[in-house]
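Undergrad: This is the structure I have questions about; it appears just below.
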Amino acid sequence: MFRNQYDTDVTTWSPAGRLFQVEYAMEAVKQGSAAIGLRSKTHVVLACVNKANSELSSHQKKIFKVDNHIGVAIAGLTADGRVLSRYMRSECINYNYTYESLLPVGRLVVQLADKAQVCTQRSWKRPYGVGLLVAGLDESGAHLYYNCPSGNYFEYQAFAIGSRSQAAKTYLERRFENFMSSSREDLIKDALIATRESLQGEKLRSSVCTVAVVGVGEAFHILDQETVQQLIDTFEIVKEEEAPPAEPQPATEQDAAAEQASGADQGGAAGDQGGSPMDI
């Protein structure tokens, strides 16, 4: 994107009907490290890539607990993500104090979208440069939402945001039909595989990713590094076991080709011998 005469103010429309400052905020989400979310009927799993500015520094936290039944993963400006997660935490506390019940996930997402939309309609404000994957569980089941800096929100079965997230989306699109009936362990496994896809060549380790889970009978919590590393090791063992069965296929194709060749040689000899290769 390049600077133009219509991007000096968030309230200025371009002749094409675009708000460039909002689009720049959405571009900031694409520059952040990848965040991934998956849900089944009973559980929601969030995973993110930990990216440090240098080898001497630690990574910034990308997954935040909002309440016992809600958590968020962010991509974009981490400072904006902390502000919004603190706002969501306050809304949950106020709702629980007033009604003595848990705040429905959908209602919190709408309030968050309204807060983001105000920043697109005030000249003295700027849009939040962060995208949020909101995972939660309420009376209607498990939910996964994506909140956009423009104020839009969408509910997903599985989604990935951030840099190099297209590879993770491709994997999720191939597998999403099985997610609703997946178990907790299968969801975590798919989340780790999608995270590995977004790394594009880098080795998946517990130090470069964070995983969080919320589900029926399980409050939102972030898995420790030892548990994540054990799951990664288990996944690599399964991968090695699944690889050998694919090796005999070329030999089978060669045998089939040899059988077709022998059948072609015998085809002109006698009609009763034409079925012998099929019998073999």
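The values are calculated or read from the model by the stated rules, or taken from the named source; none is laboratory data. Computed from a predicted structure; not experimentally measured. Counting neighbours? That spans all protein chains shown, and the Cβs are built from the backbone with ideal geometry, glycine included. Surface areas here come from the heavy atoms of the whole protein model, side chains and all, with no ligands, DNA or RNA. Shrake-Rupley method; radii C 1.70, N 1.55, O 1.52, S 1.80 Å.
Undergrad: So the check is Cβ under 9 Å with 6+ separation or different chains; which pairs have a first residue in the stretch 223-236 that's in a loop (DSSP other than H, G, I, E, B) and a second one that's among the hydroxyl-bearing types (Ser, Thr, Tyr) and modelled with pLDDT of 95 or more?
TA: LEU223/THR210
Undergrad: Those residues that are among the basic types (Lys, Arg) and either under 13 Å from VAL72 (Cβ atoms) or part of a strand (DSSP E or B) (or both), I need them from the stretch 101-130; list them, please.
TA: Answer for the stretch 101-130, where residues must be among the basic types (Lys, Arg) and either under 13 Å from VAL72 (Cβ atoms) or part of a strand (DSSP E or B) (or both): there is none.
Undergrad: Related question: Identify, from the list LEU38, LEU77, the residue that is open to solvent by 40 Å² or more (accessible area, probe 1.4 Å) and touching a residue at least 24 places away in the same chain (Cβ under 8 Å).
TA: LEU77
Residues are listed down the side, and each one gets a yes or a no for (1) loosely packed, with under 14 Cβ neighbours inside 10 Å; (2) closer than 21 Å to GLN157 by Cα:
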residue: ALA52; (1), (2): yes, no
residue: GLU55; (1), (2): yes, no
residue: GLU100; (1), (2): yes, no
residue: LEU112; (1), (2): no, yes
residue: GLN117; (1), (2): no, no
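Undergrad: Right, next: Within the stretch 175-195, identify whether any single residue is open to solvent by 60 Å² or more (accessible area, probe 1.4 Å), in contact with a helix residue (DSSP H, G or I) (Cβ under 6 Å, 6 or more places away or on another chain), touching a residue at least 60 places away in the same chain (Cβ under 8 Å) and not acidic (Asp, Glu), and answer yes or no.
TA: No: the stretch 175-195 contains no residue that is open to solvent by 60 Å² or more (accessible area, probe 1.4 Å), in contact with a helix residue (DSSP H, G or I) (Cβ under 6 Å, 6 or more places away or on another chain), touching a residue at least 60 places away in the same chain (Cβ under 8 Å) and not acidic (Asp, Glu).
Undergrad: Checking VAL72 against (1) of a type outside the set (Gly, Ala, Ser); (2) at pLDDT 95 or above; (3) surrounded by fewer than 13 Cβ atoms within 10 Å (Cβ to Cβ), which test does it fail?
TA: (3)
Undergrad: Taking the stretch 131-170, which residues are of a type outside the set (S, T, N, Q), open to solvent by 20 Å² or more (accessible area, probe 1.4 Å) and part of a helix (DSSP H, G or I)?
TA: ALA167, LYS169
Undergrad: Can you name the residue in the stretch 205-222 that is surrounded by fewer than 20 Cβ atoms within 10 Å (Cβ to Cβ) and among the hydrophobic types (A, V, I, L, M, F, W, C) and, of all such residues, is modelled with the lowest pLDDT?
TA: VAL208
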